[in-house]
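Structure record follows, encoded as structure tokens.
Bear in mind that the values in this text are calculations on the coordinates, not laboratory data. From a predicted model like this one, the values you see are computed outputs, not experimental measurements. Note: ideal-geometry Cβ built from the backbone for every residue, glycine included; neighbour counts use all protein chains shown.
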Amino acid sequence: MSDVQNLIIETATRLFEDYCTPEILRQAEQGVWPAELWTKVEETGLPLASIPEEAGGAGGNLSDAIAVLRVAGQFGVPLPLAETYLAWWLAAGAGLTLSTEPVAVVFTQAGTEPRFSQQDGGWTVSGTVARVGWARHAKQLLVLGQSENGLYLGLVQPENATLKQGQNLAGEPRDTISFANAEATQVVRAAHTIDWVWSRMAMLRAAQMVGALEAISQRTIRYASERIQFGRALNQFQAIQQQLAVMVAEVMAARISMEAAMTVAETSEATAAIAAAKIRVGEAAGQATAIAHQVHGAMGYTYEYPLHFLTKRLWAWRDEFGSESEWARWLGQQVATAGADALWPFLTA
Amino acid sequence: MKLFTRESQQAQLFDITLANTALALRDEVRAFLAQEILQGSFVPQCDAWVGTFSPEFSKKLGQRGWLGMTWPHKYGGQERSLLERFLVTEELLAAGAPVGAHWVADRQTGPLLLRYGTEEQRQRFLPAIARGECYFGIGMSEPNAGSDLASIQTSARRVEGGWQLQGRKIWTSWAHRVHYMLVLCRTSPLGDNRHAGMSQLIVELASSGVSTAPIFSIDNEHHFNEVFFDDVFVPDAMVLGEIGRGWQQVIGELAFERSGPERLLSTFPLLVELLRQLGPQPDERAAEAIGRLVARLWTLRRMSLTVANLLHHGVQPEVEAALVKDLGTRFEREVAEVARTLVAATPALDAPERFNVLLAQALLTAPSYTLRGGASEILRGIIARKLEA
């Protein structure tokens with residue numbers, strides 16, 4: 001880990017400790033935009049980590065963005081950080097200029113993308129995209145859609161779109177956006193594919209999930225050392241120790257798979273590695289959240305106690321950009337197509 | 001404690017990028033194994049690192065410099081890195097090659113001899129182990145000391161020029177064929193500190209007073225034995241390390257034993273055969289099941305490699321090793337359980353179909369995976385006690 005990255009992690013941790021309080025998380029679930037938190041985050045430049053300097057970013061690489069997201073995941077930060085990174089990567093790749101205000105990326109998996117068309121020298125876009133992250137708070141919509149000449153990217157002002165509010169299990173905005181011949185500006189050919197965008201978002205969600213897993217694991221270990229029953233701390237009971245050990249192993253597996261995927265994210269093996277990581281992190285989320293709640297007992301089931309801000313995010317995030325099942329079907333098919341004798345070389349690549 | 005990480009956060013601890021020399025070595029091993037299979041020197045099998053014994057194959061590995069790889073040249077080693085050893089080992093395991101004869105000597109006895117042995121002991125044993133000619137058995141468990149290893153009763157009393165060993169050991173794989181056993185025993189009576197007063201003795205199994213009795217496992221195979229020591233004389237020159245420090249030495253031995261790729265690859269030959277059976281276009285259910293197994297194994301291998309790298313840098317990753325073993329051995333068993341749900345086949349050791357045989361091998365050996373080298377529950381206890389709030 002580089003010194004720069006250690007600095008990023010320290011900065012993010014301090015900032016979220018101070019400004020991402022349980023009260024902020026409660027309000028965010030009610031649909032309140034944490035304006036002060038966003039301003040503070042922006043001031044530190046964290047949303048521009050990994051964005052090339054020539055595109056207005058802070059430089060660095062994917063691992064810097066992952067480092068930020070992991071810390072953000074530990075706190076359940078209710079901001080579109082992953083979505084902002086994606087928007088800036090797409091914009092930088094295509095030579096499009098974004099403002100530093102909150103941005104939502106409007107895209108779907110291949111087949112149902114919005115359509116760009118050119119009229120009278122200008123561009124319009126039409127279509128409907130469900131579950132767009134943070135759209136209601138965005139000041140600019142970055143749309144990925146098909147045109148006659150392939151995949152294009154363009155900007156639409158939020159007032160030119162229709163928005164229907166929706167949210168995920170953790171109360172994070174997942175809105176439906178519709179365009180009917182909406183005016184689009186800066187329309188340019190996209191430098192990435194929809195598959196790249198999809199797997200890249202799976203990678204970023206996995207990073208957030210690893211952060212959340214680390215935090216619920218730490219919180220559960222602490223709770224088990226403090227809570228006394230039958231005259232002993234919970235962690236003195238073998239039944240609880242077994243559970244804690246299984247939980248920690250799951251969190252470690254999640255972390256190592258995510259980091260392994262990160263290291264090959266710019267290579268031809270990226271999608272398979274990201275698939276494996278999203279599967280493994282998602283499986284860990286299922287097991288670790290169950291243990292965390294079980295060890296916390298009824299206390300952890302209350303709205304008052306902050307465990308749920310992270311467990312609900314884990315349940316939401318594991319299904320976003322490909323659940324374990326979806327990625328496993330894809331990966332299993334890839335492995336089968338490559339054949340039995342290619343399995344070992346794949347695992348050790 | 002922070003797992004899979006250290007305070008220093010040195011990047012090199014986690015950089016498992018493999019050098020070109022290591023990759024070339026891997027290619028060499030792959031080519032060798034392909035050739036061996038082609039020639040019919042062995043048939044890939046599940047759990048081969050425990051269930052096979054082929055001095056001939058061990059000697060072939062020794063000739064190629066693939067045993068004692070990390071040891072100094074003067075002891076017959078190649079001065080390769082632990083990561084390179086990891087690569088060679090996992091190739092052998094993935095191929096289901098017959099590595100059982102030299103396994104214990106190469107994996108744990110050798111490193112222990114290097115660390116605690118006298119110059120004379122190193123000279124005597126290490127080159128022979130590296131040639132694939134000298135094999136060791138493990139002498140830890142006893143009938144009344146399984147998971148609770150500190151309760152061993154085998155003892156040695158001081159006599160002129162050495163020690164007189166009395167007691168018995170159990171679960172020693174291939175004791176009827178290996179040459180030596182590293183026996184953990186009490187050399188002073190049990191006191192307040194139950195971990196004190198133990199020592200490790202190198203016992204030549206051909207010595208007078210040593211006898212073995214076979215123990216057949218549920219597959220009706222014989223690799224386990226009970227070994228009896230009836231006033232066996234062990235000369236001072238065969239004491240490993242310090243008298244009274246046996247417990248500390250054995251804990252180090254266990255770290256080598258727990259973290260390796262053999263804790264995730266015991267059923268890999270079955271997984272390969274499963275893919276062959278399913279063919280290039282499995283249905284959705286099969287594709288999903290395969291995808292999940294592959295994702296887990298892909299992750300486990302990286303965890304195991306990370307532990308190897310920590311060992312390589314002189315860190316003792318006791319907790320990480322326990323954690324990898326717990327996850328890895330559960331995975332090994334799961335391969336068998338998943339395989340039988342995806343292919344309609346009757347598992348049988350005498351079946352003509354390779355898949356059915358491998359499935360039978362996996363099912364019949366699976367109960368041992370989560371027991372040997374530390375039962376999962378014990379490992380989880382080790383992990384839990386090291387967790388900090």
Sorted by Cβ density within 10 Å, fewest first, the residues A:175, B:27: B:27, A:175
In terms of the charge dipole of chain B, which places +1 on Lys and Arg and -1 on Asp and Glu at the beta carbon, the residue among B:156, B:111, B:294 farthest towards the positive end is B:111
Kirkwood Rh over Cα pairs of region B:292-380 into Stokes-Einstein at 20 °C, 1.002 mPa s: D in µm²/s? 148 µm²/s
Pull up all non-local amide H partners of residue A:51: gap of 5 or more, or a different chain, and H-to-H distance under 5 Å with H placed in the peptide plane. A:58, A:59
Most exposed first, judged by fewest Cβ atoms within 10 angstrom, A:198, B:298 run A:198, B:298
Starting from the Cα-Cα distance between residue A:266 and residue A:130, subtract it from 0.36 nm times their residue separation and give me the gain in nm to one decimal. 46.1 nm
As a test, work out the antiparallel percent of DSSP beta bridges whose residues both lie in chain B, rounded to the nearest 5. 85 percent
Going by how many other Cβ atoms sit within 10 Å of their own, how do B:46, B:185 line up, fewest first? B:185, B:46
If you put +1 on each Lys and Arg Cβ and -1 on each Asp and Glu Cβ, how big is the dipole of chain B around its Cα centre, in Debye rounded to 20? 500 debye
Once both labels are modelled 7 Å past Cα along the beta-carbon direction, what's the residue B:216-residue B:159 spacing in nm? 3.6 nm
What size of dipole, in debye to the nearest 20, comes out for region A:95-210 about its Cα centre when the only charges are +1 on Lys and Arg C-beta atoms and -1 on Asp and Glu C-beta atoms? 340 debye
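Hey, got a sec? Which GluC sites (Glu not before Pro) in region B:77-131 land in a DSSP loop and have at most 13 other Cβ atoms within 10 Å?
B:79
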Diffusion coefficient in µm²/s returned for region A:222-297 by Stokes-Einstein, Kirkwood Rh over C-alpha pairs, 10 °C and 1.306 mPa s, is 115 µm²/s
Chain A - Rg over Rh from alpha carbon coordinates, Kirkwood radius: 0.99
With a cap of 16 neighbouring Cβ atoms within 10 Å, and only residues DSSP puts in a loop, list the GluC sites (Glu not before Pro) found in region A:211-305. A:266, A:269, A:304
Using only Cα atoms, find the angle between the long axis of helix B:268-278 and the longest principal axis of chain B, and express it within 0 to 90 degrees, rounded to the nearest 10. 10 degrees
What list of ³J(HN,Hα) couplings, whole Hz, do you get for region B:133-146 from phi and the Karplus terms 6.51, -1.76, 1.60, once you set θ to phi - 60° and write x for glycine and proline? 10, 10, 10, 10, x, 8, x, 10, 4, 9, x, 10, 9, x
J(HN,Hα) series, region B:375-381, from Karplus relation 6.51 cos²θ - 1.76 cosθ + 1.60, nearest Hz, glycine and proline x: 5, 3, 5, 5, 4, 5, x
Quick shape check on region B:177-249: root eigenvalues a ≥ b ≥ c of the Cα gyration tensor, a/c under 1.5 is rounded, otherwise prolate if a/b tops b/c, else oblate, and it reads prolate
Rounded, prolate or oblate (a/c below 1.5 giving rounded, otherwise prolate when a/b exceeds b/c) for region B:116-262 by Cα gyration tensor: rounded
Determine the dipole magnitude for region B:174-300: charges of +1 sit on the beta-carbon of Lys and Arg, -1 on that of Asp and Glu, nothing else is charged, the reference point is the Cα centre, and the result goes in debye to the nearest 20. 380 debye
With θ set to phi - 60°, apply the Karplus curve 6.51 cos²θ - 1.76 cosθ + 1.60 along region B:18-34 and write out the HN-Hα couplings as whole Hz, x wherever there is a Gly or Pro. 8, 5, 4, 5, 5, 5, 5, 4, 4, 4, 4, 5, 4, 5, 4, 5, 4
Which values of log₁₀ I(q)/I(0), to two decimal places, follow from the Debye formula for region B:227-343 at q = 0.10, 0.13, 0.14 Å⁻¹ with a uniform point scatterer at every Cα? -0.47, -0.66, -0.71
If you count the DSSP beta bridges with both ends in chain A, what percent of them are antiparallel, to the nearest 5? 85 percent
Could you tell me which residue out of A:245, A:211, A:66 lies farthest along the dipole of chain A toward its positive end? Charges go on the beta carbon: Lys and Arg +1, Asp and Glu -1, centred on the Cα centre. A:245
Cα pair distances exceeding 36 angstrom across the protein assembly as shown, given as percent: 49 percent
Can you tell me the length gained on complete extension of the stretch residue B:346 to residue B:39, counting 0.36 nm per residue apart and subtracting the Cα distance? 107.7 nm
Once amide H atoms are placed 1.01 Å from N in the peptide plane, what residues at a sequence separation of 5 or more from residue A:103, or on another chain, have their amide H within under 5 Å of its amide H? A:139
What is the distance, in nm, between label points placed 7 Å from the Cα along the Cα-to-Cβ direction at residue A:338 and at residue A:117? 4.3 nm
Kindly express, to the nearest 10 degrees and within the range 0 to 90, the angle between helix B:284-312's C-alpha long axis and the longest C-alpha principal axis of chain B. 30 degrees
Residues of region B:143-166 with amide N under 19 Å of a point placed 7 Å along Cα→Cβ from residue B:208: B:157-166
